[in-house]
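Beneath this line is the structure, given in structure tokens, with notes to follow.
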Amino acid sequence: MLKWLDVIKFSDFGNPVPDKRVEKTEEEWKALLSPEQFNIARLKGTERAFSSDLCSYFEPGRYACVCCGTELFDAETKFESRSGWPSFTQPIKENAVAYHKDITFGMQRIEAVCNTCDAHLGHVFQDGPKPSGLRYCMNAVSLNKVAINEKKIDIGGGCFWCTEAIFQRIIGVVKVESGFSGGSVVNPTYREVCGGATGHAEVIEITYNPDEITFDDLLRIHLSTHNPTTVDRQGADRGSQYRSVIFYRSEEEKQSAMNVIDEVQKEYPDMIVTQLEMFEHFYKAEDYHQNYYNRNQEGGYCQAVIDPKLAKFRSVHYEKLKQ
């Protein structure tokens, strides 16, 4: 997660390398954009405050650069700032946005531009909500709303190497990332979480297509592929970071999770102790934790711990497996 210090470092010492570059002449941009879009995105104009419905639009989706189509922000990071412009707490990727010092109008600000095509987006301020404290104050004219049919769920059930390997193989799952959630420390390291003092659990964030697999089915798989009846423990792994937990994003998801827990309880002789917590933020773990099983299948831990869990998963939920 980016914070103000990261924004300042980028503006002072150089921006991250974009995934690609799109460069056109001024005349080519004029041919693609409306006069208002060209004035704001290419000539660094500013739209009138409260002039766009996007300020109060919070439906799921993503926001892409009006010039090149690069996805810049996810609706999950959008918030009501009452500033008169659409506001976000984070870009969709660290390298999606570039930052430059702006000293126009007798003040020093940080300009945000599309890192792919240099389109002017707006400015970044340090008065946003926790945990990032950032407010990406964007011109709505510089953005296009992109509808997507994806949702996210964050769950913990012991070591995230195991849970990641299982859910990567499920029909309808688009992406699985390993990380941390539920604690008080911003951007924790794996070592810090293992120390047990951060309050975070090892979790995976699942991006899924709800037309192919439901929230309830994902929870049924979750509760049947780890032991949800042990407090702060999964096998030999002990500590609150290994707790069984489901993070919900709405009261509807909370009620669904409670119903699934009641349904699955009859399969266990002991009481299910899975915690239900309101989702606040997911902190992605270090790169070497991502896609761990697929990259280390010959490793001792993978063969001794993950392989048996995958075998059980395949036998119980074979109809949910990707081909």
> In the set Glu205, Glu192, which member is surrounded by 16 or more Cβ atoms within 10 Å (Cβ to Cβ) and either part of a strand (DSSP E or B) or of a type in the set (Val, Ile, Thr) (or both)?
Replying inline: Glu205
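Among the residues of segment 37-65, count how many are assigned to a loop (DSSP other than H, G, I, E, B), open to solvent by 20 Å² or more (accessible area, probe 1.4 Å) and on the phi < 0 side of the Ramachandran plot. Step through it out loud before you land on a result.
Of all residues in segment 37-65, those assigned to a loop (DSSP other than H, G, I, E, B) come to 43-52, 57-61.
Among the residues that remain, those that are also open to solvent by 20 Å² or more (accessible area, probe 1.4 Å) are: 43-44, 46, 48-52, 57-60.
Next cut, on the phi < 0 side of the Ramachandran plot only: 43, 46, 48-49, 51-52, 57-60.
Result for segment 37-65: 10.
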> Inside segment 251-323, counting only helices (runs of 4 or more DSSP H) that do not spill past its ends, which hold 2 or more residues that are within 19 Å of Ile153 (Cα to Cα) and of a type in the set (D, E, K, R)?
Replying inline: 251-265
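In the list Lys266, Lys312, Lys284, which residue meets the criterion of being in contact with a Gly (Cβ under 6 Å, 6 or more places away or on another chain) and among the basic types (Lys, Arg)? Steps first, please.
On the way: Lys266 fails: in contact with a Gly (Cβ under 6 Å, 6 or more places away or on another chain); Lys312 fails: in contact with a Gly (Cβ under 6 Å, 6 or more places away or on another chain).
Matching residue, one of Lys266, Lys312, Lys284: Lys284.
Is it the case that some residue within segment 308-317 is in contact with a His (Cβ under 9 Å, 6 or more places away or on another chain), farther than 24 Å from Val174 by Cα and buried (at least 17 other Cβ atoms within 10 Å of the Cβ)? Quick ask: steps written out before the conclusion?
Going through segment 308-317, the residues in contact with a His (Cβ under 9 Å, 6 or more places away or on another chain) turn out to be 309.
Checking the rest, the ones that are also farther than 24 Å from Val174 by Cα come to none.
Within segment 308-317, not a single residue is in contact with a His (Cβ under 9 Å, 6 or more places away or on another chain), farther than 24 Å from Val174 by Cα and buried (at least 17 other Cβ atoms within 10 Å of the Cβ).
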> Restricting attention to segment 139-174, which residues are within 26 Å of Asp53 (Cα to Cα) and either among the polar types (S, T, N, Q) or touching a Ser or Thr at 6+ places or on another chain (Cβ under 7 Å) (or both)?
Replying inline: Asn139, Ala140, Ser142, Asn144, Asn149, Glu150, Lys152
> Does Ser184 satisfy being open to solvent by 50 Å² or more (accessible area, probe 1.4 Å) and either on the phi > 0 side of the Ramachandran plot or not hydrophobic (A, V, I, L, M, F, W, C) (or both)?
Replying inline: yes
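Name the residue that is surrounded by the fewest Cβ atoms within 10 Å (Cβ to Cβ), counting only residues in segment 214-273 that are among the hydroxyl-bearing types (Ser, Thr, Tyr) and free of Cβ contacts under 8 Å to residues at least 60 places away in the same chain.
First pass over segment 214-273, keeping only residues among the hydroxyl-bearing types (Ser, Thr, Tyr): 214, 224-225, 229-230, 240, 242, 244, 248, 250, 256, 268.
Filter again for free of Cβ contacts under 8 Å to residues at least 60 places away in the same chain, leaving 214, 229-230, 240, 248, 250, 256, 268.
On the way: Thr214: 14, Thr229: 16, Thr230: 16, Ser240: 19, Tyr248: 20, Ser250: 10, Ser256: 17, Tyr268: 13.
It comes out as Ser250.
May I ask you to verify whether Ser132 is under 26 Å from Ser250 (Cα atoms), in contact (Cβ under 8 Å) with a residue 60 or more places away in the chain and of a type in the set (S, T, N, Q)?
Numbers: under 26 Å from Ser250 (Cα atoms): yes; in contact (Cβ under 8 Å) with a residue 60 or more places away in the chain: yes; of a type in the set (S, T, N, Q): yes.
So Ser132 fits the description; yes.
I want to confirm something. Restricting to segment 274-304 and keeping residues that are under 18 Å from Ile246 (Cβ atoms) and of a type outside the set (Asp, Glu), which single residue is most open to solvent (accessible area, probe 1.4 Å)? Reasoning before the result, please.
Step one: of segment 274-304, the residues under 18 Å from Ile246 (Cβ atoms) are 274-283.
Restricting the remaining residues to those that are of a type outside the set (Asp, Glu) gives 274-276, 278-279, 281-283.
Working: Thr274: 17, Gln275: 70, Leu276: 54, Met278: 96, Phe279: 41, His281: 45, Phe282: 25, Tyr283: 18 Å².
Of everything passing the filter in segment 274-304, Met278 is most open to solvent (accessible area, probe 1.4 Å).
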> With respect to Thr104, is the statement that it is open to solvent by 60 Å² or more (accessible area, probe 1.4 Å) and either of a type in the set (Ser, Thr, Tyr) or in contact with a helix residue (DSSP H, G or I) (Cβ under 9 Å, 6 or more places away or on another chain) (or both) true?
Replying inline: yes
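The values are calculated or read from the model by the stated rules, or taken from the named source; none is laboratory data. Everything numeric in this text was worked out from a predicted model, so none of it was measured. No Cβ is skipped: glycine too gets one built from the backbone with ideal geometry, and neighbour counts run over all protein chains shown. SASA here: full protein model, heavy atoms, side chains in, ligands and nucleic acids out. Shrake-Rupley method; radii C 1.70, N 1.55, O 1.52, S 1.80 Å.
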